[in-house]
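Student: Once you've had a glance at the structure underneath, I'll fire off some questions.
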Amino acid sequence: MTRVAVAASSSIAAEAGIRIAAEGGNAVDAAVASTMVSLATEPGVVSPAAGGFATVWPAQQQATVFDGVLTMPGNGIPPDRFGRGAWEVHMTYGGGMSTVIGHGSVATPGGFAMLESCWREYGSLPWEALMQPAYEHARDGFPLGQASYNYLVHCGESVFSWHEDSRKALFDEDGTLKPAGALIHVPHLDETLKRIADEGVAAFYTGEIARRIVADMEANEGLVNARDLAGYELVRREPLCFRVADWTIATNPPPAVGGAALCAMLELMEGRPHGAWTAADVARAAEVQNAVYGYRRSQLDLSEDIATDIAQLLQLCRDNPHALLSPSTIHVSSVDADGLACSTTMSAGYSSGVMPPGTGLWMNNGLGELELNKRGLVPGPPGTRLTSNMAPSVARSDAGSVLAIGSPGADRITTAISLTLLNLVHAGLTLEAAIEHPRLHVEFADAGPRIALEPGLDSGDCRLPLRQFDSLSMFFGGVGAAQLDADGRMHAASDSRRTGGARVGG
């Protein structure tokens, strides 16, 4: 039996990881099981038909990133079919935003391929054992989590009520959204998870589940077809690595932009804060975020050579930082006593609202995430890997400590992780305090950049307009982290902003 620390976006997901550890599983087994439970039990926040990344770093070996991001579908489909079957909706989440939903917004999911590949490479228990907790929650029903409810209040009607099976799972007979804590039964989800447990993820990509997805897409102007699913390719990548104080951090490399943005923000902070956050530190963090996101908007969002442009960003941060500074996701982190660390982040976008009949699977709206896909519903030819903010990261200190960390939260992912790491490494806070510390995030509204700010930070030196929040908010992400100290002690902490769960056991 190996002791494992797990931080997840919900308590039942964290408990699943500890259950797997008690059965003899390692950190990767725990992460896969916890992630599967989150995918099955956090409607609105994420769904099984998602894409994602995992960074795995075994002791005495090199780290690896497993890229299971969503991809552009439509292999073999006539060009005049592209861009159909989707429509824009507005929701009040995060102060108001728009997204595109419907069958035409669905991208090819890579999440199952990513999780199975991690397990095959580093797992120790049978695949069926890792799927069992998620299957049981789908079979018996699960309580609607607070984070899911908080999101569905803003978009339940516009995104999840138009599709019959979707509405049936989340709304009462009188049309009222079910409250937090209500028992949710998603029709057919248990059958789908049982099939994937018994047959492996081939059931999703080439088997009966794939056939049902494809039939629904063909009937409703969706692009995902049998060639897209059967041809999905998991990519293994060398992580982007950088130093912060005496820590080496491995994170998501290009073509994703989240890891690069994280590296740039940490580099530009130049060792700040020196202890407790001051007004000058807060102003510096806002300046850094504005510079990095400004570079991303102008250089990366429509880049024809993303790897080269990201390399230029990081080189500029190292060589001349002042030139740059001029005026629906889940995450699981796990480490075990042997030093194996795994960080997984998964996203289904804001959801398409689509649930192919007989599957119980809400489909993603990867093509419809307007803030990511600046080129619209057709970001490239079929097979193109979609842009991602996800940055699951693993870090090792010179003293021998190991940390797995990450966050959901769209473009707040990198700001949430970077601020937490600064609190941990430079401000000297404990893991729990580093995660709970107030955050800021530079956002780009129609009138220009502004600072979204939680209470507790001194914004007196900030130059940008402020959007002040009254309390800590899930808008600012939901960091989860698990740590193994050099002396063998283990910690796990999850963000109260997302009512997550953290457990140590095994």
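The values are calculated or read from the model by the stated rules, or taken from the named source; none is laboratory data. Just so it is clear, the structure is predicted and the values come from calculations on it, not from any experiment. Positions of Cβ are backbone-derived with ideal geometry, glycine not excepted, and every protein chain shown enters the neighbour counts. Heads up: the accessible areas ignore ligands, DNA and RNA and are worked out on the full protein's heavy atoms, side chains in. Shrake-Rupley method; radii C 1.70, N 1.55, O 1.52, S 1.80 Å.
Student: Using the alpha carbon gyration tensor of the range 66-180, what are the three equivalent-ellipsoid semi-axes (square root of 5 times each eigenvalue), largest first, in whole Å?
Tutor: For the range 66-180, the semi-axes come out at 28, 25, 14 Å.
Student: Still on this structure, I have one more. Cα gyration tensor of the range 238-310, axes a ≥ b ≥ c as square roots of the eigenvalues: rounded (a/c below 1.5), prolate (a/b > b/c) or oblate?
Tutor: Oblate is the answer for the range 238-310, as a/c is 1.5 or above yet b/c matches or exceeds a/b.
Student: Provide, for q = 0.06, 0.08, 0.14 Å⁻¹, the log10 of I(q)/I(0) from a solvent-free Debye sum over equal Cα point scatterers in the chain.
Tutor: -0.24, -0.43, -1.44
Student: Let me ask another. What Kirkwood hydrodynamic radius do you get for the range 153-282 when you take the inverse of the mean 1/r over all pairs of distinct Cα atoms, in Å?
Tutor: 19.8 Å
Student: So for the chain: antiparallel DSSP bridges make up what percent, rounded to the nearest 5?
Tutor: 95 percent
Student: Non-local amide H neighbours of VAL479 (under 5 Å, H modeled in plane, Pro and chain starts lacking H): which ones?
Tutor: ASP495
Student: Return the calculated 222 nm mean residue ellipticity for the chain, to the nearest 500 deg cm²/dmol, obtained by summing -39500 (n - 2.57) across DSSP H runs with n ≥ 4 and dividing by the residue count.
Tutor: The helix-only estimate for the chain comes to -10000 deg cm²/dmol at 222 nm.
Student: Which percent of the accessible heavy-atom area of the range 398-506 goes to carbon and sulfur, probe 1.4 angstrom?
Tutor: Ligands and nucleic acids excluded, carbon and sulfur reach 47 percent.
Student: Each residue of the range 215-226 in order: what ³J(HN,Hα) in whole Hz does its phi give by Karplus 6.51 cos²θ - 1.76 cosθ + 1.60, θ = phi - 60°, with x for Gly and Pro?
Tutor: Karplus values, whole Hz, x for Gly and Pro: 4, 5, 5, 4, 7, 9, 6, x, 9, 5, 10, 4.
Student: Using +1 on the beta carbon of Lys and Arg, -1 on that of Asp and Glu, and nothing else charged, what's the dipole of the chain about the Cα centre, debye to 20?
Tutor: Dipole size: approximately 420 debye.
Student: In the range 435-506, what is the volume of the convex hull around the alpha carbon atoms, normalised per residue and reported in Å³?
Tutor: 119 Å³
Student: If you don't mind, another one. For VAL106, what is the net charge nearby, where nearby means another residue's Cβ is under 14 Å from its Cβ and Lys, Arg count +1, Asp, Glu -1?
Tutor: It works out to a net charge of -2.
Student: Right, another one. For the range 60-78 and the range 405-441, what is the separation of their C-alpha centers, rounded to whole Å?
Tutor: Answer, in whole Å: 27.
Student: Sticking with this structure for a sec: Quick check on packing: order 305-315, 205-215 by the mean number of other C-beta atoms within 10 Å, highest mean leading.
Tutor: Top of the packing list down: 205-215, 305-315.
Student: Cα gyration tensor of the range 342-426, axes a ≥ b ≥ c as square roots of the eigenvalues: rounded (a/c below 1.5), prolate (a/b > b/c) or oblate?
Tutor: Verdict is prolate for the range 342-426.
Student: OK, next. When N counts the residues of the range 350-506, how does its alpha-carbon radius of gyration compare numerically with 2.2 N^0.38 Å, as a ratio?
Tutor: So the range 350-506 has a normalised radius of gyration of 1.23.
Student: Give the long-range amide H neighbours of ARG467: residues separated by 5 or more places, or on another chain, with amide H under 5 Å away, using H modelled in the peptide plane at 1.01 Å from N.
Tutor: ILE451, ALA452, LEU453
Student: Rg and Dmax of the range 254-296, using alpha carbons, in Å: what are they?
Tutor: For the range 254-296, the Cα-based Rg and Dmax read 11.2, 35 Å.
Student: If you take every residue apart from VAL28 with its C-beta less than 9 Å away from the C-beta of VAL28, what net charge results, scoring Lys and Arg +1 and Asp and Glu -1?
Tutor: -3
Student: Using r as the Cβ-Cβ distance of ASP446 and LYS168, and R0 as 51 Å, what FRET efficiency do you calculate, to the nearest 0.05?
Tutor: 0.85
Student: Place +1 on the Cβ of every Lys and Arg and -1 on the Cβ of every Asp and Glu in the range 355-506, take the dipole about the Cα centre, and give the residue among LEU453, GLY506, GLY488 whose Cα lies farthest towards its positive end.
Tutor: Value computed over the given set: GLY506.
Student: With a ≥ b ≥ c taken as the square roots of the eigenvalues of the C-alpha gyration tensor of the range 28-111, please select rounded if a/c is under 1.5 and otherwise prolate if a/b is larger than b/c or oblate if it is not?
Tutor: Oblate, because a/c is 1.5 or more while a/b does not exceed b/c.
Student: Could you go through the range 271-278 in sequence order and give the Karplus-derived ³J(HN,Hα) for each residue, using 6.51 cos²θ - 1.76 cosθ + 1.60 with θ = phi - 60°, rounded to whole Hz, and x for Gly and Pro?
Tutor: Computed from phi, the couplings for the range 271-278 are x, 8, x, 9, x, 5, 5, 9 Hz.
Student: For the range 344-350, what does the Karplus curve 6.51 cos²θ - 1.76 cosθ + 1.60, with θ = phi - 60°, yield as ³J(HN,Hα) per residue in whole Hz, taken in order and with x for Gly and Pro?
Tutor: 10, 10, 10, 9, 10, x, 9
Student: Over the range 1-146, what number does the Rg to Rh ratio reach, with both radii from the alpha-carbon atoms and Rh per Kirkwood?
Tutor: With Rg and the Kirkwood Rh in hand, the quotient comes to 1.04.
Student: Can you tell me the accessible area per residue over the chain, all protein chains present, probe 1.4 angstrom, in square angstrom?
Tutor: About 35 Å² of surface per residue is accessible.
Student: Here's a follow-up. Rank ASP461, ASP174, ASP470, ASP446 by accessible area, highest first, at a 1.4 Å probe radius?
Tutor: Ranked from most to least accessible, the order is ASP446, ASP470, ASP174, ASP461.
Student: Next question, about the same structure. Which percent of the accessible heavy-atom area of the range 86-168 goes to carbon and sulfur, probe 1.4 angstrom?
Tutor: Percent of accessible area from carbon and sulfur atoms in the range 86-168: 47.
Student: On the principal axes of its Cα set, how long, how wide and how thick is the range 223-277? Give whole Å, largest value first.
Tutor: For the range 223-277, the Cα extents along the three principal axes come out at 55, 21, 15 Å.
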